[in-house]
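Readers should treat all values here as calculations from the given coordinates under stated rules, not as data from a laboratory. On a predicted model such as this, the values are computed, not experimentally measured, just so you know. With ideal geometry, Cβ positions are generated from the backbone for all residues, glycine too; neighbour counts draw on all protein chains shown.
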There are 2 protein chains.
Amino acid sequence: MATRTDAPTRREQILREAARLFAERGFHGVGVDEIGAAVGISGPGLYRHFAGKDAMLAELLVGISGQLMTGAKRRVAEAEQGPDALLDSLIEGHIDFALDDRDLITLHDRELDRLRDSDRKLVRQLQRQYVELWVESVRKVYPELAEPHARVAVHAVFGLLNSTPHLSRPGSLPGRAATAQMLHKLARGAFAAAAE
Amino acid sequence: MATRTDAPTRREQILREAARLFAERGFHGVGVDEIGAAVGISGPGLYRHFAGKDAMLAELLVGISGQLMTGAKRRVAEAEQGPDALLDSLIEGHIDFALDDRDLITLHDRELDRLRDSDRKLVRQLQRQYVELWVESVRKVYPELAEPHARVAVHAVFGLLNSTPHLSRPGSLPGRAATAQMLHKLARGAFAAAAE
DNA sequence: CCTCCAGGTTAACGGTCGCTAACCTCCCTG
DNA sequence: CAGGGAGGTTAGCGACCGTTAACCTGGAGG
């Protein structure tokens, strides 16, 4: 079972580099030739793997929202230790994502409007479900928190957790584990304050 | 003294519309013709007011960082009621900005890399000073909080406060004052949790 | 009344960009 | 060993974009 130590497929390579470049310079700021060059082929060779530049962005964004949503649903399903532990689990999942896939997090709320209508609707729907899932989870921990307030708090905490790309690039910061722990505390602190 | 109910000058009009369009579709996603059309003139007419498209972005970004920095310095200078009130004042200032100038907040951390080297350095320096000012202020309230941790917390709280553009556009949300108050509580809660 | 400039206009140029066309070359398979 | 598809290549097209050039116009000032 060498399922997941395989060499990355060409498609995956392309997506990784495209994500990096899009995050760095914006969708319109990157040419297909650069994306090709980043994986060692040049320009139009990409069209053997994708229908076009738009298709790469679409696959990235749909993939992200899908991954986040899938992970969150799994966590909800596996929750057996009460609402408090579930919220911690959601936070932890989001932090892992924010720390390990900075480029994707960046794209996620930056280039959504560059998508075809149908793709954009799909992504937005997944995002909305994800938010809703968090809102419910938060309100189970803090039942006295009204729903609109909970929604604002959830969006704000996403902003907080997604701030990782702004931390100086590699990280002179306290180290990955410590940063994760710190973000977790900050998020819980924000929710607690919202409810008080 | 009709100093600030004057009709906005053409330059100001252009900057406002450019900020809106840049925030909506990205710097490279907007053409000069569109910016012109947004203020009722067309395309090349902009060059009577700006040296080029880059110059507009530069003026916007330098202006933002400058405004934030100036406001924060003023608040520090006027602080007479101790560190706690100062931190509240900084938070309040940042929230006002985030709520009233969403487009600028969006540009601020999205299009920085599209600037000429000199401008980018200037903006980054202002940003760094702004962060530093916050870090000092936070550490006066929570002296037990180590500096690197305080810096991470400050960045995270910026992410939290800057989340306002993601709240559904006009705002079915609790209303401006209530949202501001909510964000304030969340930010203070996050800092408190960081220090605990 | 003439002048001149601030602030527009349209035409056009050069460069870039996404994408297609046409072709080439392994390598796998019957 | 023929052949065919997968995955490249380069050349080039058409569209668009930022910018410049050349020209026009209304109104303020001497």
- All other residues with a Cβ under 10 Å from the Cβ of residue A:28 taken together, and with Lys, Arg as +1 and Asp, Glu as -1, what is their net charge? +3
- Task: Taking 7 Å along the Cα-to-C-beta vector as the label spot, tell me the residue B:62-residue A:176 distance in nanometres, rounded to one decimal.
- Result: 4.1
- Item | Residue (of A:149, A:62, A:27) at the positive-pole extreme of the protein assembly as shown, dipole from beta-carbon charges | A:27
- Set of lysines with alpha-carbon distance to residue A:185 below 30 Å, sequence-local pairs under 8 removed: A:73, A:140, B:73, B:140, B:185
- Query: Among A:42, B:137, what is the fewest-to-most ranking by other Cβ atoms within 10 Å?
  - Reply: A:42, B:137
- Task: For segment B:67-145, run through the trypsin sites (Lys or Arg not before Pro) and keep only the ones in DSSP coil with at most 14 other Cβ atoms within 10 Å of their Cβ.
- Result: B:116
- Task: Once the label point is placed 7 Å from Cα along Cβ, list for residue B:55 the distances to the corresponding points in the other copies, in nm, shortest first.
- Result: 4.3
- Among the GluC sites (Glu not before Pro) in segment B:53-141, which ones are in a DSSP loop with at most 10 other Cβ atoms within 10 Å of the Cβ? Mind listing them? B:80
- Note on the structure: Among trypsin sites (Lys or Arg not before Pro) in segment A:1-69, those in a DSSP loop whose Cβ has at most 13 other Cβ atoms within 10 Å are A:4
- Item | For segment A:53-195: relative contact order, % (alpha-carbon pairs under 8 angstrom, 6 or more apart) | 32
- Considering chain A as a Gaussian network with a 10 Å cut-off on Cα pairs, which listed residue, A:167, A:126, A:15, attains the greatest mean-square fluctuation? A:167
- Message: How big is the dipole moment of segment B:53-195 about its Cα centre under a simple scheme where the beta carbon of each Lys and Arg is +1, that of each Asp and Glu is -1, and everything else is neutral? Debye, nearest 20, please.
- Response: 240
- In nm, one decimal, shortest first: how far is the label point of residue B:136 (7 Å from Cα along Cα to beta carbon) from the matching points in the other copies? 4.9
- Quick shape check on segment A:142-196: root eigenvalues a ≥ b ≥ c of the Cα gyration tensor, a/c under 1.5 is rounded, otherwise prolate if a/b tops b/c, else oblate, and it reads prolate
- Say R0 is 22 Å: what FRET efficiency, to the nearest 0.05, do residue B:77 and residue B:147 get from their beta-carbon distance? 0.45
- Note on the structure: Rounded to the nearest 10 degrees, the helix B:117-141 long axis (Cα) sits at an angle to the longest Cα principal axis of chain B of 20
- Other copies of residue B:83: label-to-label distances in nm, shortest first, labels 7 Å along the beta-carbon direction: 3.5
- Nearest 10 degrees, 0 to 90: helix B:53-78 Cα axis against chain B principal axis: 30
- Query: Quick one: helix A:82-100 against the long Cα principal axis of chain A, what's the angle to the nearest 10°, folded into 0 to 90?
  - Reply: 30
- Note on the structure: Yeah, chain A with a ≥ b ≥ c from its alpha-carbon gyration tensor (a/c under 1.5 is rounded, else prolate when a/b outruns b/c, oblate otherwise) is prolate
- Message: Going 7 Å from the Cα of residue A:12 along its beta-carbon direction, which residues of segment A:50-67 have the amide nitrogen within less than 20 Å of the resulting point?
- Response: A:50-51, A:56-67
